[in-house]
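Chemist: My questions all concern the structure below.
The values are calculated or read from the model by the stated rules, or taken from the named source; none is laboratory data. Bear in mind the structure is a predicted one, so any value in this text is a computation, not a measurement. No Cβ is skipped: glycine too gets one built from the backbone with ideal geometry, and neighbour counts run over all protein chains shown.
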C-alpha cells in the first residue's frame, strides 16, 4: 500500500526549527512535500498575494526523503500553489507548524500557521495546525514531536469532518509532565493593543504593535483552560464564519 | 445629544472611490474618523504587522468635516491603531468599504475589508463591511450609498449582538432594480486556483494567482443566492471560529 501524501507548511519560514521538527516526524509516516514561506510570515492571517507575483523554488535543506519548496508568498499562497501546481494528487493530510508561540483562542484568526490549515480544509484535505507555547527560536520541540505523531496518526486513521480542521496547541512542558489532550472550544479572549510610538531619525512618528493578552473566559472547556492546566488543547476550527445564532435577531429588522 | 462617532476603514486604500462614497454617507450621520491603508491591501485577510513598523499620518483629501489618517499597515492594523491610539473614546460604529468587488461566501475569509469589520467587532464595536459586486475602479456607488445609509441607521438604532458583525454585499444594479435585503448564511463556495506560470527576463519562473469561483451550495438562504436574485445580502459573521458541531466526533477519539 502506498504511503500517505503529506503536505507541510508553516508561517515562521521554511528554515525555522519548528517546521524542521514537524518534517522529522511526518517523514516517518508518509511521503512528504514541504511548501513553506521563504521567510517569516507570522501574523499574516488568511492573506493571499493578489498584487504581486509569487516565486516558488525547489530547495535542499537536509538529506531527508522529503521534497521542499520555498515560496515568496503567505502560508495560504503556499497551500494553494502546492495543491494546484506542485502536487500531482490531492494530499491525504496537510500539517502546518510547529509554530513558535501560541495560536490558542483569538490568536487563531491572526495566525498564518492556522490559515494554512484552514486553506487545506477548504481544499478538502484533513488539516492540522500545531503550535508550541514558546516563542523562542531555540524552543525545545521534543515533547511537541510526540504530540504531532499521535495526532497525525489519529487524523490519518479517522479523517476529519468536511469543513473543519484542528488547532493543536502544546504547553511548554517536558513530555512526561503533559497531562493529556483536551478537546476544547476557542476561549473568549483578546489582545488590548498598546502601540509603542517612536520618532525616526528625521523626527517622523512610527509605531510598533504591542499589546497584552486578556482572557475573559472562565469556562473549563476552553483552550486557554486546557493549556494553563498542562493539557494539549485540540480545537476544531471552521471556515463557515456565519454567526447563525444572530440570523433570527436580524430577521426582525425592517430594512 | 452628541453625534455618534464613526470609524471608517477599507482595504482598497484611502483614496479609492469606494471609501470616498462611504465617507460621503456616514459624515451626514455622525462624527467621522477615517483610518485606512495608504495603498491597496486587498486579500490581506486578518493580517497584522508584526515584523515591521507602522506609519500613520493625518492627511487631507477633501473639505468634508471628517478627520483622516493614512496608515502603512493592513486594515486590521488601521482599526487597532484607531481604537488604541488615535481615538479618545470607543467609536459607536465601525464601517469598512465600500469594497470594489464581492466579499460574499468564502471571500469573507480573504477580505481585508471584512477583517477590519471583524476587528471592530472584537473591540466590542458594532461593525459592518460593505462590498459592491463591481471590481472596476470607476464603479457606480450611487445605489450602494442608499444601502449604506439604511444599514448604518439600523445598526446605530438596534446595535449588534456581541461577537458578530455584518457582511453586506450589494448587487451591481441601479437602486430601483434592487429587490430588497436578505439575511443570509455564507454559501458553501470556493476558488479553484489556476496559477499563471511565467518566465521573468532572466528565465526564472514566477506565478500569478488566478482562479475560478465555484458555488457548491444549492440553498436559497445563502448570500450567493440573494445576490444572484437581485437582493442585498446581509450575513452576520463571527470571530469564534470553533467548529462546535465537530467536538462530539473528536471526543470519541482516544488520544
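Chemist: Tally time: how many residues in the range B:116-135 are out of contact with any helix residue (DSSP H, G or I) (no Cβ under 9 Å at 6 or more places or on another chain) and either in a strand (DSSP E or B) or buried (at least 24 other Cβ atoms within 10 Å of the Cβ) (or both)?
Modeler: Looking only at that region, the number is 1.
Chemist: Filter the range B:27-53 down to the residues that are touching a helix residue (DSSP H, G or I) at 6+ places or on another chain (Cβ under 9 Å), farther than 18 Å from residue B:100 by Cβ and modelled with pLDDT of 95 or more and list them by number.
Modeler: B:28, B:29, B:30, B:32, B:33, B:35
Chemist: Quick check on the range B:200-208. Is at least one of its residues in contact with a helix residue (DSSP H, G or I) (Cβ under 6 Å, 6 or more places away or on another chain) and farther than 30 Å from residue A:231 by Cβ?
Modeler: Taking every residue of the range B:200-208 in turn, none turns out to be in contact with a helix residue (DSSP H, G or I) (Cβ under 6 Å, 6 or more places away or on another chain) and farther than 30 Å from residue A:231 by Cβ.
Chemist: Then there's this: Can you pull out the residues in the range B:1-14 that are assigned to a loop (DSSP other than H, G, I, E, B) and crowded, with 23+ Cβ neighbours inside 10 Å? Walk me through it before giving the result.
Modeler: Of the range B:1-14, the ones assigned to a loop (DSSP other than H, G, I, E, B) are B:1-4, B:10-14.
Residues satisfying the conditions are B:10, B:11, B:12, B:14.
Chemist: Can you name the residue in the range A:206-250 that is within 10 Å of another protein chain (Cβ to nearest Cβ) and in a helix (DSSP H, G or I) and is also surrounded by the most Cβ atoms within 10 Å (Cβ to Cβ) among such residues?
Modeler: The selected residue is A:223.
Chemist: Working only within the range A:81-115, note down all residues that are within 12 Å of chain B (Cβ to nearest Cβ), touching a residue at least 40 places away in the same chain (Cβ under 8 Å) and assigned to a helix (DSSP H, G or I).
Modeler: Listed by number, the residues that qualify are A:81, A:82, A:83, A:86, A:108, A:109, A:110, A:112, A:114, A:115.
Chemist: Considering only the range A:169-202, how many residues are assigned to a strand (DSSP E or B) and either surrounded by fewer than 17 Cβ atoms within 10 Å (Cβ to Cβ) or on the phi > 0 side of the Ramachandran plot (or both)?
Modeler: Summing the residues that are assigned to a strand (DSSP E or B) and either surrounded by fewer than 17 Cβ atoms within 10 Å (Cβ to Cβ) or on the phi > 0 side of the Ramachandran plot (or both) in the range A:169-202 gives 6.
Chemist: Would you say residue A:73 is buried (at least 24 other Cβ atoms within 10 Å of the Cβ), within 12 Å of chain B (Cβ to nearest Cβ), part of a loop (DSSP other than H, G, I, E, B) and touching a residue at least 12 places away in the same chain (Cβ under 8 Å)? Can you show your working first?
Modeler: Working: buried (at least 24 other Cβ atoms within 10 Å of the Cβ): yes; within 12 Å of chain B (Cβ to nearest Cβ): yes; part of a loop (DSSP other than H, G, I, E, B): yes; touching a residue at least 12 places away in the same chain (Cβ under 8 Å): yes.
So residue A:73 passes the test.
Chemist: Identify the single condition in (1) free of Cβ contacts under 8 Å to residues at least 40 places away in the same chain; (2) closer than 25 Å to residue A:5 by Cβ that residue A:128 does not satisfy, given that it satisfies every other one.
Modeler: The number of the failed condition is (1).
Chemist: Also, quick follow-up: Here are B:250, B:166: which of them is within 18 Å of the chain's Cα centre (by Cα) and on the phi < 0 side of the Ramachandran plot?
Modeler: Exactly one residue qualifies, and that residue is B:166.
Chemist: Of the numbered conditions (1) closer than 21 Å to residue B:16 by Cβ; (2) within 11 Å of another protein chain (Cβ to nearest Cβ); (3) not in a helix (DSSP H, G or I), residue B:151 fails exactly one; give the number of that condition.
Modeler: Just one mismatch for residue B:151, condition (3).
Chemist: Filtering the range B:54-63 down to residues that are surrounded by fewer than 15 Cβ atoms within 10 Å (Cβ to Cβ) and part of a loop (DSSP other than H, G, I, E, B), which residue is modelled with the lowest pLDDT?
Modeler: Taking the candidates together, the pick is B:63.
Chemist: Right, here's the next one. Does residue A:17 qualify as being under 17 Å from the mean Cα position of the chain (by Cα), farther than 29 Å from residue B:41 by Cα and at pLDDT 95 or above? Walk me through it before giving the result.
Modeler: Values: under 17 Å from the mean Cα position of the chain (by Cα): yes; farther than 29 Å from residue B:41 by Cα: yes; at pLDDT 95 or above: yes.
Taking the combined requirement at face value, the residue satisfies it.
Chemist: On to the next question. With the checklist (1) in contact with a strand residue (DSSP E or B) (Cβ under 6 Å, 6 or more places away or on another chain); (2) closer than 19 Å to residue A:9 by Cα; (3) within 14 Å of chain B (Cβ to nearest Cβ) in hand, flag the one item residue A:182 doesn't pass.
Modeler: Unmet condition: (2).
Chemist: Ok, one more. Evaluate the range A:15-37: report whether one residue or more is at the interface with another protein chain (Cβ under 10 Å from one of its Cβ atoms), part of a strand (DSSP E or B) and surrounded by fewer than 23 Cβ atoms within 10 Å (Cβ to Cβ). It would help to see each step written out before you state the result.
Modeler: Looking only at the range A:15-37, we keep the residues that are at the interface with another protein chain (Cβ under 10 Å from one of its Cβ atoms), and these are none.
No: zero hits.
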